[in-house]
């Protein structure tokens, strides 16, 4: 799949693109992701219970009583019994040799007007085999990459119904993730011999939920999310002729540290009501606003990313339609995501411009203005006739953006337009009982993969640069950018056990 059809890359062009800002948690809409290339990533943040995940995650006009209390702590009233969840899951990315598995355990406890929830999860990610991806011709050298890395997740929430208005509830939650790996990062650097990752995610939420007597409802959520990672990249310094003559040579190596940080402040509003009085059809709407600041963006070699900060505004407008009759459910979500992102880069040293003038150290070398227009459609169906249930879902995501880049060294301006489509298929089968529920759910994502370049018909992983300029930019690759497509597969088994009466 040719990703950049409208641009011809050569050594005279500089391009600065923010590649991936990964601060999303699976299917929730309160945090909006920003991506400029379809890098394949797993579902490592899918650690929360969900009834609708096998229905493509539809959520606007239909509720998800298992997931809602963990997304908005004010919605703990949707589960009226103490319930224990065990959620083992596994994902894999075809052709890239990356996989991971998690063992989440969640508990939700209502008590009179109070309720609370707790989630704990361990996770192991298996790194991709860069020896086979980046250097298929290398039969002697083995990268010093850690093949297994651990992540941990925890969330606690507390809420209550208002004493003078039991139809209104308030809640607060805190989420923390200790990360040694983030899925997809390994593909964004050019043939690294080792990448050590470590970082944290903090997420704070305050929410409210109000239920009207005529089945209308409205919820409001305010959040603050802080994502911070550090990447230590090790690169061995060796020559091809040395590898042939000296198999056991100890090659010198160098390393550098890249930092990635995004702070998000968000507001999320959701409204539901019957289509008309006594109708089985429900309609809903959502509005989400994210203000993202990026104090530090990694210098990903794949697409020559500036090392300097940026800001983004991301919006999510959605409408939904759902019908529930007895044991059958049908739901549709339509979402539009306009996003504006601005990044820039500064010079470390004095640089001579193309007209002979000098750009002083600290001056802006390039401005990048992104304008995204993303569209999402989700449809899900469910049929539950005890003791069995079956679910299916489909999601279509159209990603597109315009980039306007102004280069203050070359004194030039350029425009770039890009788009790609991602398709997701979901399915599930459940065993229903008064004493427990067992749900198997699966998900397959197509349209993402491993970005790289082609030059003269030959595949190269990453963007091999001819030189590095003194302005902290890598010269753009001289071949067209392509994507080696892969399928992302996700499987989860959910055991839900009600405790007490």
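The values are calculated or read from the model by the stated rules, or taken from the named source; none is laboratory data. Bear in mind the structure is a predicted one, so any value in this text is a computation, not a measurement. Note that each Cβ is placed from the backbone with ideal geometry, even for glycine, and that neighbours are counted across all protein chains shown.
Observations, loosely collected:
- Given (1) modelled with pLDDT of 95 or more; (2) more than 24 Å from the chain's Cα centre (by Cα), number of the condition residue 86 does not satisfy: (2)
- Check on residue 215, assigned to a loop (DSSP other than H, G, I, E, B) and either touching a residue at least 40 places away in the same chain (Cβ under 8 Å) or surrounded by 14 or more Cβ atoms within 10 Å (Cβ to Cβ) (or both): yes
- Residue check, residue 421 in contact (Cβ under 8 Å) with a residue 24 or more places away in the chain and exposed (fewer than 15 other Cβ atoms within 10 Å of the Cβ): yes
- Restricting region 131-157 to residues that are surrounded by fewer than 17 Cβ atoms within 10 Å (Cβ to Cβ) and at pLDDT 90 or above, the residue that is farthest from residue 183 (Cα to Cα): 156
- Boolean, residue 46 is in contact (Cβ under 8 Å) with a residue 40 or more places away in the chain, closer than 21 Å to residue 284 by Cβ, under 19 Å from the mean Cα position of the chain (by Cα) and not in a strand (DSSP E or B): no
- At least 3 residues being touching a strand residue (DSSP E or B) at 6+ places or on another chain (Cβ under 6 Å) and surrounded by fewer than 19 Cβ atoms within 10 Å (Cβ to Cβ) is the threshold, and among the strands (runs of 3 or more DSSP E) wholly inside region 72-130 those reaching it are 82-86, 98-111, 114-126.
- Selected residue [out of contact with any helix residue (DSSP H, G or I) (no Cβ under 8 Å at 6 or more places or on another chain) and closer than 21 Å to residue 338 by Cα] from 422, 406: 422
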